[in-house]
Structure formats: C-alpha cells, structure tokens
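Notes follow the structure.
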Amino acid sequence: MSFAASPSTITMKAYRGKLPLSVITVILGAFAFLALLYTERLSFLSSNPILKSKSCARRAAVVKASDHQTAEENLENTEIDDRFEFDPEECDITRGKWVFNRSIMPLYNDSSCPYLDRQYSCVKNGRLDFDYRHWEWQPHDCNLPRFDPERALKKLRGKRLLFAGDSLQRNQWESFVCMVEWTIPPEKKSMKMGKVRSIFKAKEYNATIEFYWAPFLVESNSDIDVLDPRKRILKVDSVAKHSKYWEGVDILAFNTYVWWMSGLRLKTLWGSFANGEEGYSELDTPVAYQIGLKTWANWIDSTINPNKTRVFFTTMSPIHTRSEDWGRNNGLKCFNETKPVMKRNMWGSGSDKTMMGVVADVVKKMKVAVTVVNITQLSEYRVDAHSSIYTETGGRLLNDEEKADPGRHADCIHWCLPGVPDTWNQIFLSLL
C-alpha cells in the first residue's frame, strides 16, 4: 500500500533521518498536549451527572444473553429496552403492559407448595391451560426487579411481616410464603395454620410471615362466623379486637375492599354490639368505608413508631364478573378467558374509583407514612387468571353440575396460584 508523501516526510528525508532537537521537542509536546485533552475529556464525561445514565438490569441481561449473536443483533436488542432501573420515586408501576414470555417459570406450583389453599390451586383442580402463568408485567418507565427469595428472606431477617385483611390478602400471603419457602430446608421452617391467624416461620432467619384475618379491618359481627351480608353489622369506630395482634410487627401490609361491596348501604354502629339489631345505622357504603378507614388510620398514627415499623396498604383487587366490561357480550363472567385484556387503561365495573379515592384521601392525611401498593390497574387486565370454576366452595371442590354453570359458580374474585398475586409481591418486595 502506498501513501502520498507529506511535507513532514519530505523534510525528514532532507535531513537523512536526523531530526533537530527543537523539532523533536515540538512533536513530543504536541503528543503530550493531545493526550492531556483526551484525558480531560474522558474525566469530564465520567464526572458530569447530566451525562450519566442509570444502569439497567434488564438491558444488561439482554446483552449477556446475546454474547453469541452478531453485533447488529446485540445493538438491536439493547435499543429495544430503554427503561431505567426501578426507583419507587420515579417509576409509575400502574402504567405498563403484560408481556407473554414462556421462558418465565413460576418459583413454585400448586403441587410443590405444601401451604397452598385448594381454593387457589387451579391446575390441581383441573385447569388445563397454563399460559396465565407466563405473563410478565412490564412498566413503561422502568424495569421491575424479579422476585428474589433469598433477598426477601435477608430483608426479613429478625423481623415479623404480617398481612392483615380479607381472603385476597390471604391470596397474597400464600403467594409470598410459597415464593420463599422452597429455598428453606424442611427442618428450618414451620407453619401454624389457624382460622384467624397463621404463622410461617423461617427459623434460620428468625423471621415470620404471618396472616391475620380481618376482612373489614374494623370489627364486625361477621369476622369469624360469616353471616349473610344483609345481617352484617360493622363496628366502624373500633379495631381493638384485631389491632392487639398487629402490635410489635416490623412490616404491616393491609387491605380491605371486597367485603364492603355487599350493597349500596351498610349497617354500622358505634359502641357495643350489645344493642344488636336496634343499635345500628345504615350508611352509604363509601361513607361507612371512610369512617372505618379513618378508625384504622387513627390507630396507626397513635400506635405505630415509623422508625421501627413500615406500613403498606394494597389497593383493591378487581372483580371480573361482567364480561361486557372487556367487550365479550356473550361471556360468562371470567370463565374460559385465556388471555389478558389488551385494551389500554381498561377499567371494569368491579373496581370502584370512589372507594379507591377514599383510600387516597385517608392515607394522605395520616401522620405515619403509608406506602400504597397500587395493584388495581395492572390486575384489571387479567381476566384470564381467576380461580373461575377450578376452585372450591364450602370446603369442597365444585362438582360437575356446578362447573357446568359458570354464570353462577365461577369465582372471578380470587386468583389462581401461582399467578397475579406473585406480581403483587414482586412489586411489594421492590418497594421494601
């Protein structure tokens, strides 16, 4: 290969390879100056916070997984995902989409986890399609970290985590237990199941993951013996019967919604249940809900030390009993649904925005900080993931006659496990 001679080359030839000391000095000085400029530029780029970008766990995973791909394929993959690493202050987890990924495998199944209620064990109860287990929630703005059982247990070392609320909170509690228990040897864990209170213990971590049954959070005459909704009376001014079990807990996670939705008005009272039928007043459901939540909030503010205890509140879990909500006019509630709804911002009649507004209004006025785990919008899309006819009622599985009548018997309130509550716990752990 030939190159055209430059003036400097000609000059060097004229001196027959011998350069004056002054020329050498100038050349070396020029090289030193260029090196200094380059170093300063690198220093500026690395130290300027405006030009720094957050590390992206998912993007790193994509690059690592594609070591054997071409440079063009790698570039294409890394450009697909420009979301930032999860930050609860910056990321809106309610805005996103469900993405199907068959490579995603649940951390457990309804045969491997010994603590799973038959009510949520859809595959064991006869469900034949498994796709509902392979949908991943991806927020538009950020990467949601995968649930790491070891990380969860390390965070809980020496602590008590208690989920308090209704059967949907128990749905989430069982999910959390099943997501961590498989990593612990049998001799280093225990479970004490009760009608009101259940306690899973990870002995090596000196940690407990507990559930406490309080469907209204406030007291009612239907807490233990479930009564016909028309006979229920809520003692909206007291949580005392329940709250004694919440004291001394390090992490409290509450929910309450579905039991309040038994009618447009609720029977409520202040004081003792001794007056029975004669002592109650009927209030509009949102009004009763607000009074009840304020009672709970007052207990939190007057009792909880925020330096020792963190408090979470999970928003309403959607009910999918009206298939017209997602455009299936000839549907039978959630029965036979096999895919999430893809319509953006879908909001069904089973989620009451007025009630959700009550939660927001009460929480923002509290002295103790409460982290709201907003699972409503992302769960709205998952009409495919309920227990449906693959469940039990009254302590027994649905019989063939009941399964043939999903309009009456399909459970479109609770969720199959593994399933959507695993995503709730993925978000919950990230917020922890």
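The values are calculated or read from the model by the stated rules, or taken from the named source; none is laboratory data. Here the structure is a predicted model, which means the values were calculated and not measured. Reconstructed Cβ throughout: ideal geometry from the backbone, glycine too, with neighbour counts over all protein chains shown. The area values use the complete protein model at the heavy-atom level, side chains included, leaving out ligands, DNA and RNA. Shrake-Rupley method; radii C 1.70, N 1.55, O 1.52, S 1.80 Å.
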Please work out the ratio of the alpha-carbon Rg of region 351-407 to 2.2 N^0.38 Å and round it to two decimals.
1.74
Report the full-extension gain for the segment Arg118 to Thr338: residue separation times 0.36 nm, less the Cα-Cα distance, to one decimal in nm.
77.1 nm
Between Asp225 and Met191, what is the spin-label point distance in nm, taking each point 7 Å from the Cα along the Cα→C-beta axis?
2.9
Cut-off under 30 Å on the C-alpha distance; same-chain residues fewer than 8 positions from Lys403 excluded. Which lysines are left, in chain and number order?
Lys124, Lys195, Lys231, Lys333, Lys339, Lys343
Given a 1.4 Å probe and every protein chain left where it sits, what share in percent of the accessible area of region 102-191 is carbon and sulfur?
51
Using 0.36 nm times the number of residues separating Asn330 and Phe130, minus their current alpha carbon distance, what extension gain do you get?
69.6 nm
Could you give the spread of the C-alpha atoms of region 238-393 along their three principal axes, from largest to smallest, in whole angstroms?
49, 43, 30
Of 386-395, 154-163, ordering from highest average Cβ density within 10 Å down gives 386-395, 154-163
What ranking do 366-375, 421-430 get when scored by the average of other Cβ atoms within 10 Å per residue, highest first?
421-430, 366-375
Rounded to the nearest 0.05, what FRET efficiency do Tyr245 and Leu432 have when you use their Cβ-Cβ distance and R0 = 22 Å?
0.55
